[in-house]
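Following: one structure in structure tokens, then a few remarks.
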Amino acid sequence: MNLRSFSQDLMALYQEMGEEFANTQKRSGLACPTGCGYCCKTPTVEATVMEMIPMALALLEQDMAEEIYERIQREKPETCIMYQDHGGKLGQCTQYATRPSLCRLFGVAGYYTKTHTKELSICKELKAHYPDFQSIDINALNPAMMSDWSTRLISIHPEMLQERLPISLALSNALEKVMLYSRLDASN
């Protein structure tokens, strides 16, 4: 597998994903509060190794791969190591351009209930910011649906999308792959 080509394909999909979810945010009037890092500080955020490959490659290109890998091994963070905390609920992603799909989908996305009706997936911070969100007509909104994008992600590389890990562990595993491929490539 050519990791750079794979990463470019994934980033193209991420670009499409970002545009569709941004459009859903515009149509709904719902958006994450500026600087909100509530989800980034949540220990249950997970990603797959595949989703973290673009970030790992970016860190390698920035000569930060080994440093971040070692920090993850040493600190064993429960939350995303790429999140820069500014205190309280405020902060920012230091690798925003290469963030994984969950970070792109989170905030204002649609999902199907067990009865196959559409619902909005709204975090508790957005619920607090927009208490009247329940008045949004979901059918008129026609939100970007998480399941549609998950299906598209799976089509890129089904085996690499099976195991979800805590986000920093997924990044650690992606960094291992990227650094190994880089070393192998350099020795050829």
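Read the figures in this text as sums done on the coordinates, not as results from a lab. Source: prediction; values computed, not measured. Please note: Cβ atoms are built from the backbone with ideal geometry, for glycine as well, and neighbour counts cover all protein chains shown.
Below, the figures for the structure above:
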| item | result |
| --- | --- |
| Antiparallel content of DSSP bridges confined to the chain, in %, to 5 | 90 percent |
| Quotient of Cα Rg and 2.2 N^0.38 Å for the chain, N being how many residues it contains | 1.08 |
| Extreme residue, positive dipole direction of the chain, given options 123, 93, 147 (C-beta unit charges) | 123 |
| Cα shape, segment 63-172, gyration tensor, a/c 1.5 rule | oblate |
| Helix 167-187 vs. the chain, principal-axis angle (Cα, 0 to 90°, nearest 10) | 40 degrees |
| C-alpha long axis of helix 3-28 to longest principal axis of the chain, angle in ° | 20 degrees |
| Tilt relative to the chain, helix 146-156 - C-alpha long axis, 0 to 90 degrees, to 10 | 20 degrees |
| Proximal charge balance of residue 141 [Cβ under 10 Å; K/R count +1, D/E count -1] | +1 |
| Neighbourhood charge, 11 Å Cβ-Cβ cut-off, centred on residue 83 and excluding it, Lys, Arg +1 and Asp, Glu -1 | +1 |
| Sum of side-chain charges, residue 59 neighbourhood, beta-carbon under 13 Å (Lys, Arg +1; Asp, Glu -1) | -3 |
| Estimated dipole of the chain in Debye, rounded to 20 [Cβ of Lys and Arg +1, of Asp and Glu -1, Cα centre] | 460 debye |
| Cβ-placed point charges (K, R +1; D, E -1), dipole of segment 44-96 about Cα centre in debye, nearest 20 | 200 debye |
